[in-house]
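Step one of this worksheet: look at the structure below.
The values are calculated or read from the model by the stated rules, or taken from the named source; none is laboratory data. In this text the structure is predicted, and so the values were computed from the model without any measurement. A quick note on method: Cβ atoms are made from the backbone with ideal geometry, for glycine too, and the neighbour counts reach across all protein chains shown. When the accessible area is computed, the model is the full protein with side chains, heavy atoms only, and any ligands, DNA or RNA have been set aside. Shrake-Rupley method; radii C 1.70, N 1.55, O 1.52, S 1.80 Å.
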Amino acid sequence: MRKALRGFLSLAVLIGTVSATGASAGAATAAEPTTKQSSGSSSNSESSSEDIKDRILAIPGMSLIEEKPYPGYRFFVLNYTQPIDHKRPSKGTFQQRITLLHKDTSRPTVFFTSGYNVSTNPSRSEPTQIIDGNQVSLEYRFFTPSRPAPADWSKLDIWQAASDQHRVFTALKKIYSENWLTTGGSKGGMTATYFERFYPKDMDGVVAYVAPNDVVNNEDSAYDRFFAAVGTKECRDRLSGVQREALVRREPLEKKYEAYAAEGGYTFNTVGSLDKAYEAVVMDYVWAFWQYSLLADCEAIPADAAKATDEEIWDSIDGISGFSAYADQGLGTYTPYYYQAGTQLGSPDIKQPWLGNLSRYGYQPPRNFVPRDIPMKFQPSAMRDVDSWVRHNARHMLYVYGENDPWGAEPFRLGRGARDSYVYTVPGGNHGSKVAGLVADEKANATAAILRWAGVAPAAVEADPAKAKPLAKFDARLDKRDVELERNQGLRP
């Protein structure tokens, strides 16, 4: 899991008391959603005459960073006081960044997490557009600036993060009392799943996109099988050819890398050497292509790598993997991700047999990408617990994967205990796969389920799911995926 692994304080009053098992005495109990009729209107009428900003800021521990205007919405960037350790709230607090895209308190709300930093610009996740609702977006703990100081890294785990979400939900549910859904893509989809696992009574539905599920960290043959068959042989041969040449030509290309690093001010203290960083970028190349690109994009890959110039090999690797990814300056932002990959989430270790003996270090583990002064110990039970819970207890959970996305090689699966839950795959899709890309009947079923769970399915959709469609019109600014931002995350999920 790297570039592809790495695709958003003073304590006033603590809300709720969280026990070590993840239950809360103050937890709101989510009832089975009731169907409400909706015209998809964008009216912004409120049940209270008090300004929504005043109501939000009346929540103990909530403070305003800024408000940004957007037509038809109010958009707030906020800080919320959270305990560093939800099991011992008296041991200190930190400020966690939140954004709130407010439409109307009479509309349902989507709780979005990317699993990384939160964007401070207005945007809508796909479920928010589908249900025409409000959206709360939470920055994942330990991603700056939402990091305790000093940072006790042992408090960065999936239960603590789920408890962050639970406290935010409990506080805002008093204002946004209609149904809630949680969503996210990639690590955000994982985050939505873990939230549901630890606080299953909070949300009325879960929409998880391209969420990896590395149940057994040291058994990664599913990824090897994926790369042996993905796309077409012609495309696979082009990619493997460029990757091989990048290792064959290591000496001249590393000289270019040295110049690139000197010009950009890049250093390699965390990974250990420029050579290790160079190989890590090259080893990510094939994975990164399938994560972010489509089969048609293979036309841009040199057809005969052996005859390509050094510049052509460099440009192809840099354009897909990114040579800044394993410099200290590239890794620093994602230290929390690599820490979690090496302690709970797991990370893939792929073979790439077409490289023969050209690799010196293999597919390097997360430990190589976290500063050595941060201790790490892997917990193999964490993902097994979540996987078992989803199989046996899933309720109102939707998973969407991309057929050609490497992260979907180990997906979440539903067992006999699952109810009103679904796993769908976008044909030819990559790591940006959405409900909109599904085949027609699955797209309609997924859209209808989201509307139903949110409590806003029109009567016509209740009678015939084929009539389901988003309640809000597409907005080019609010609904546009930031592809460049996702690429800069590298091979992280």
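In the list Ala463, Ala409, Ala444, Ala418, which residue meets the criterion of being closer than 30 Å to Ser106 by Cβ and either β-branched (Val, Ile, Thr) or open to solvent by less than 60 Å² (accessible area, probe 1.4 Å) (or both)? Within the list Ala463, Ala409, Ala444, Ala418, the selection yields Ala444. Within region 118-129, not a single residue is among the basic types (Lys, Arg) and over 16 Å from the mean Cα position of the chain (by Cα). Among residues of region 435-452 that are on the phi < 0 side of the Ramachandran plot, those with a beta-carbon under 7 Å from a residue that is basic (Lys, Arg) at least six positions away or on a different chain give the pairs Val435/Lys443; Ala436/Lys443; Thr447/Lys469.
In region 255-266, the residues that are more than 20 Å from Ile313 (Cα to Cα) reach residues that are open to solvent by 60 Å² or more (accessible area, probe 1.4 Å) with C-beta atoms within less than 6 angstrom, at least six apart or across chains, in these pairs: Tyr266/Gln329. The sole residue among Pro60, Pro83 that is open to solvent by less than 60 Å² (accessible area, probe 1.4 Å) and touching a Pro at 6+ places or on another chain (Cβ under 9 Å) is Pro83. The single condition among (1) outside any helix (DSSP H, G or I); (2) within 19 Å of Ala211 (Cβ to Cβ); (3) open to solvent by less than 10 Å² (accessible area, probe 1.4 Å) that Ile450 does not satisfy is (1). For region 234-247, check the following and say yes or no: at least one residue is among the β-branched types (Val, Ile, Thr), within 27 Å of Tyr399 (Cβ to Cβ) and touching a helix residue (DSSP H, G or I) at 6+ places or on another chain (Cβ under 7 Å). Checked against the condition, which is being among the β-branched types (Val, Ile, Thr), within 27 Å of Tyr399 (Cβ to Cβ) and touching a helix residue (DSSP H, G or I) at 6+ places or on another chain (Cβ under 7 Å), region 234-247 yields no hits at all.
Which of the residues spanning region 278-304 are touching a Leu at 6+ places or on another chain (Cβ under 9 Å) and either among the hydrophobic types (A, V, I, L, M, F, W, C) or not in a helix (DSSP H, G or I) (or both)?
Answer for region 278-304, where residues must be touching a Leu at 6+ places or on another chain (Cβ under 9 Å) and either among the hydrophobic types (A, V, I, L, M, F, W, C) or not in a helix (DSSP H, G or I) (or both): Val282, Met283, Asp284, Val286, Trp287, Ala288, Phe289, Trp290, Cys298, Ile301.
The residues of region 391-433 that are assigned to a helix (DSSP H, G or I) and more than 24 Å from Ala296 (Cβ to Cβ), listed by number, are Arg391, His392, Asn393.
When we screen Asp315, Asp310, Asp304, Asp328 for residues that are touching a helix residue (DSSP H, G or I) at 6+ places or on another chain (Cβ under 6 Å), over 30 Å from Pro411 (Cβ atoms) and of a type outside the set (Ser, Thr, Tyr), the only hit is Asp310.
Within region 363-380, identify whether any single residue is within 18 Å of the chain's Cα centre (by Cα) and either crowded, with 16+ Cβ neighbours inside 10 Å or of a type in the set (Phe, Trp, Tyr) (or both), and answer yes or no. Scanning region 363-380 turns up at least one residue that is within 18 Å of the chain's Cα centre (by Cα) and either crowded, with 16+ Cβ neighbours inside 10 Å or of a type in the set (Phe, Trp, Tyr) (or both). Select from region 113-143 the residues that are open to solvent by 20 Å² or more (accessible area, probe 1.4 Å) and closer than 15 Å to Tyr73 by Cβ and list them in ascending order. Selection gives Ser119, Thr120, Asn121, Pro122, Ser123, Arg124, Gln129. Only a single criterion out of (1) crowded, with 17+ Cβ neighbours inside 10 Å; (2) part of a helix (DSSP H, G or I) is not satisfied by Tyr266, namely (2).
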